[in-house]
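As structure tokens, the structure follows; a few thoughts come after it.
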Amino acid sequence: MARSRGSHYSALRRVARVANSGFGLRKTCNAIAKSTARAMQANGCRILSLNARREYLITVGTYGLSDVYLKKGALDARKSLPDILEGKEVFIEDATKDERVQHPQVALAQGVASILGVPILGKGEAIGEIRIYTREPRRFSEADRSFLLSVANVCAVMFERAELQQLLELGYRASERRRKASRASPLPVTTLRPTVFAHPSEEDFAKVLDFYCIEWLYEPRSFPLKWEGDKIAEMFTPDFYLPELDIYVELTTLKQSLITEKNRKLRQLRELYPDVNVRLLTKTDFTKLLAKYGYGPLGEAKVEGVDRVLYSHAQIQRRVKALAGRISRDYAGERLVLIGVLKGVLCFMADLMQHLSLPVTVDFMAISHYGGDGQVVKITRDLDSTITGQHVLMVEDIVDTGMTLNYLLGHLSAHTPASLRVCTLLDKRARRLINVPLDYVGFEVPDEFVVGYGLDYKGEYRNLPFIGILRPELIKDEEPA
Ligand code: 5GP
């Protein structure tokens with residue numbers, strides 16, 4: 001269905017206004033994705049940014065797409081519609097049948113039919129892309145295409161500006177100190193989009209960070225350490241900056257003797273810039289870290305069961321805080337009883353309750369599954385206190401088939417609480433057998449076995465600070481032949 005140029009024009013005006021709103025990049029991109037999808041009468045839109053090494057496409061804004069579709073993993077830039085990154089427009093009429101689509105089964109499950117993608121070009125080079133999705137097969141009009149290209153141009157300017165802002169913010173605190181010491185001179189900064197690492201170990205480290213979904217910048221800035229008059233006589237450029245953790249990391253895979261010199265520089269840096277967090281990772285620290293993820297010289301000695309990280313620690317913390325905010329608003333002025341089922345819920349419960357601004361009490365139950373297929377539930381530890389007449393929030397780690405939760409809700413309602421709602425961190429909706437109502441959901445997860453952040457496999461992995469997907473072969477090995 002074609003729309004008039006007039007409505008595209010007013011949508012573009014909206015997009016430009018949002019882009020200039022001064023909100024953070026993600027919030028702005030989400031709003032642009034919404035306006036764009038609506039203007040094109042599409043069901044979804046996704047704005048993607050190419051990572052620094054041009055290997056992955058990272059989602060920076062979305063509208064109308066389910067969590068499962070988004071979290072099917074970072075898109076491999078070489079496999080996922082690579083023509084777009086070569087500067088071409090790509091149109092797919094039926095995503096479920098087109099071999100150019102990386103996850104056709106997900107497209108089918110999520111009801112995506114047509115996709116239109118255009119590159120976001122910065123100085124003539126693709127730095128990201130915008131994709132439009134529709135549920136019904138559809139051909140896009142010329143006006144739709146040129147509208148999308150205009151939105152891509154707005155995004156290009158926004159991406160460049162966000163990078164610049166990031167650099168300015170990184171440099172701000174330290175440059176303030178330097179100015180106070182009346183030795184101000186412009187800070188040299190290196191590019192945010194390196195294609196070549198100075199050392200192979202840095203590339204390995206970047207892989208580990210990508211595995212963890214931890215954002216990183218390579219050599220984003222240098223810290224002057226000594227001045228001769230107005231000239232910088234010595235400076236230090238840490239290898240990485242991790243914005244979410246606000247930490248600079250310097251790798252030292254060189255001889256031990258050279259570490260002493262780096263330590264001297266680090267001491268000086270900490271004295272001159274006390275607000276800056278910087279860590280030195282020695283070869284031993286680094287090798288151990290790599291081994292945990294199957295990389296490096298020790299990597300083969302240990303079988304790591306996690307296939308990939310689904311949600312990083314920082315992502316989980318942000319989501320838990322947002323859920324707690326909603327719950328606090330919904331129950332404002334009330335007292336709340338939180339009930340968790342041991343042991344999977346322990347990390348989630350601990351974090352969630354700390355962010356609730358309500359008077360709360362906490363109680364736990366324990367259950368065991370028995371019966372041939374393990375689907376019959378038995379309560380092995382019941383509540384300590386009565387919940388009759390109280391507002392109860394059942395806190396769950398993951399809802400899969402819904403059988404456990406359904407049984408527990410039946411058990412709790414028999415105690416006639418004033419209200420009974422459910423908050424689950426993870427919702428594996430694709431496997432639902434019983435339609436239990438979920439009032440608060442952290443993330444919708446794909447049909448895979450997940451571990452970490454309290455969730456176990458045979459008692460292990462609960463201590464991982466992230467949620468990862470267990471290597472499927474570990475579970476398959478257990479199935480009868
Ligand atoms: P349901 O009764 O909804 O099928 O199962 C819920 C329970 O199954 C959860 O409380 C959890 O113990 C377990 N479960 C289901 N899916 C997963 C998963 O992906 N990872 C882990 N660790 N446990 C799961």
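Place the peptides 388-397, 328-337, 124-133, 464-473 in order of packing, highest mean first, counting for every residue the other Cβ atoms within 10 Å and averaging per peptide.
On the way: 388-397: 20.0, 328-337: 14.0, 124-133: 21.8, 464-473: 18.2.
Listed from highest to lowest mean packing, they are 124-133, 388-397, 464-473, 328-337.
What does the C-alpha gyration tensor say about the overall shape of region 366-471? Classify as rounded when a/c is under 1.5, otherwise prolate if a/b is larger than b/c, or oblate. Could the numbers behind the result be given before it?
Details: a/c = 1.68, a/b = 1.53, b/c = 1.10.
Since a/c reaches 1.5 and a/b is larger than b/c, the shape of region 366-471 is classed as prolate.
Suppose R0 equals 51 Å. What FRET efficiency, 1/(1 + (r/R0)^6) with r the Cβ-Cβ distance, do residue 475 and residue 153 give to the nearest 0.05? If you can, show how the numbers build up before the last one.
Details: r = 47 Å, r/R0 = 0.92.
My answer for the efficiency is 0.60.
Based on the mean of other Cβ atoms within 10 Å per residue, sort peptides 88-96, 58-66 so the most packed one is first.
Details: 88-96: 16.9, 58-66: 19.6.
Result, highest mean first: 58-66, 88-96.
Ordered by packing density, taken as the mean number of other Cβ atoms within 10 Å over each peptide's residues, highest first, how do 344-357, 197-210, 221-234 rank?
Details: 344-357: 18.6, 197-210: 17.0, 221-234: 14.3.
Result, highest mean first: 344-357, 197-210, 221-234.
Tell me the carbon and sulfur percent of the accessible area for region 214-275, rounded to whole percent, probe radius 1.4 Å. It would help to have the intermediate numbers written out before the result.
Numbers: 1550 of 3070 Å².
In region 214-275, the share of accessible area belonging to carbon and sulfur is 50 percent.
Tell me the carbon and sulfur percent of the accessible area for region 392-463, rounded to whole percent, probe radius 1.4 Å.
Looking at region 392-463 in its full context, I get 47 percent from C and S.
Taking R0 as 41 Å, what's the FRET efficiency between residue 357 and residue 100 from their Cβ-Cβ distance, rounded to 0.05?
Efficiency, rounded to the nearest 0.05: 0.25.
Which pairs, out of 34/88; 288/458; 262/283, put more than 21 Å between their alpha-carbon atoms? Mind showing how you got there, number by number?
Working: 34/88 23 Å; 288/458 24 Å; 262/283 13 Å.
Checking Cα-Cα distances, 34/88; 288/458 exceed 21 Å.
The values are calculated or read from the model by the stated rules, or taken from the named source; none is laboratory data. On a predicted model such as this, the values are computed, not experimentally measured, just so you know. In this analysis, Cβ positions are derived from the backbone assuming ideal geometry, glycine residues included, and neighbour counts consider all displayed protein chains. For the accessible areas, the whole protein counts, side chains as well, though only heavy atoms, and no ligand, DNA or RNA atoms are used. Shrake-Rupley method; radii C 1.70, N 1.55, O 1.52, S 1.80 Å.
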